[in-house]
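Presented below is the structure to which this report refers.
The values are calculated or read from the model by the stated rules, or taken from the named source; none is laboratory data. None of the values given here were measured: they were computed from a predicted structure. Methodologically, a virtual Cβ is constructed for each residue, glycine included, from the backbone with ideal geometry; neighbour enumeration extends over all protein chains shown.
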Amino acid sequence: MRTLLYALGPMLFDSLGIIVFAILLAAGAGIVPAVVAGTVVAVAVVGYELARGHQVAALQWISLASVLFTAAATLLTGDPRFVMAKPTVVYLIVGTVMLRKGWLSRYIQPEQMALVGDVMDRFGMIWSALMFASAGLNLVIALFFTAWWPLFIGVFPLASKFGLFAIHIAVVHFIGQARLRRRAADIGAAA
């Protein structure tokens, strides 16, 4: 449970602008208010980290840049199709960044890295695959099932991420515990 809470905080914080955008869009607030609110929250998240003197994570910078870019394009063009296709580009960028080894290390307690760091790196690739799959699915929904897109964007991104997050935490915990038991058994056998 401690591991789950440790990882959940940064995950929610990193995604706060996107969460606000998705909730408002799903609630029927409209694209412009959802984009504006998401932008304000994304800027506030990065500003808060900078004000505290913390390093801003790569995913937070990507989230902020994408929100600012799409907010400007949406407000200038008024074309909702741009906003609908935008997550595809974002997912591709994020998926590419997630291919970098070690990006998940901020989501686990430092003392656990030696025990399950390799598992975290493998999950980094799985997270990247989810982003690439989300990119393709978003494009299909935006182009061919446009009427369903607000529901899709309001539900699928968060549901898929929280689902994978739950699996990720459970698997890392299970493997970590198994490795601790094996290590204790090896120490006991050696003594």
Kindly indicate whether any position in the range 131-153 is under 16 Å from Gly17 (Cβ atoms), under 18 Å from the mean Cα position of the chain (by Cα) and not β-branched (Val, Ile, Thr).
no
So, Leu158, is that one in a helix (DSSP H, G or I), under 22 Å from Ala34 (Cα atoms) and either in contact (Cβ under 8 Å) with a residue 12 or more places away in the chain or under 14 Å from the mean Cα position of the chain (by Cα) (or both) or not?
yes
Could you check the range 41-99 and list, in sequence order, the residues that are of a type in the set (Asp, Glu) and in a helix (DSSP H, G or I)?
Glu49
Determine which member of the set Ala73, Ala58 is within 18 Å of the chain's Cα centre (by Cα), over 14 Å from Ile18 (Cβ atoms) and modelled with pLDDT under 80.
Ala58
Residues that are surrounded by 16 or more Cβ atoms within 10 Å (Cβ to Cβ), among the aromatic types (Phe, Trp, Tyr) and either more than 19 Å from Leu92 (Cβ to Cβ) or at pLDDT below 95 (or both), drawn from the range 102-149:
Trp103, Tyr107, Phe123, Trp149
Test Ala27 against the stated conditions and say whether it is at pLDDT below 85, among the small types (Gly, Ala, Ser) and under 17 Å from the mean Cα position of the chain (by Cα).
no
Does at least one position in the range 108-124 carry a residue that is part of a helix (DSSP H, G or I) and closer than 24 Å to Leu139 by Cβ?
yes
Residue pairs meeting the criteria (Cβ under 6 Å; at least 6 apart or on separate chains; first at negative phi, in the range 113-137; second of a type in the set (Ser, Thr, Tyr)):
Met131/Tyr91; Ser134/Tyr91; Ala135/Thr88; Ala135/Tyr91
Filter pass, Ala184 being under 29 Å from Met125 (Cβ atoms) and either loosely packed, with under 15 Cβ neighbours inside 10 Å or touching a strand residue (DSSP E or B) at 6+ places or on another chain (Cβ under 8 Å) (or both):
no
So which residues in the range 20-42 are small (Gly, Ala, Ser), over 17 Å from Gly78 (Cα atoms) and in contact with a Leu (Cβ under 9 Å, 6 or more places away or on another chain), if there are any at all?
Ala22, Ala26, Ala42
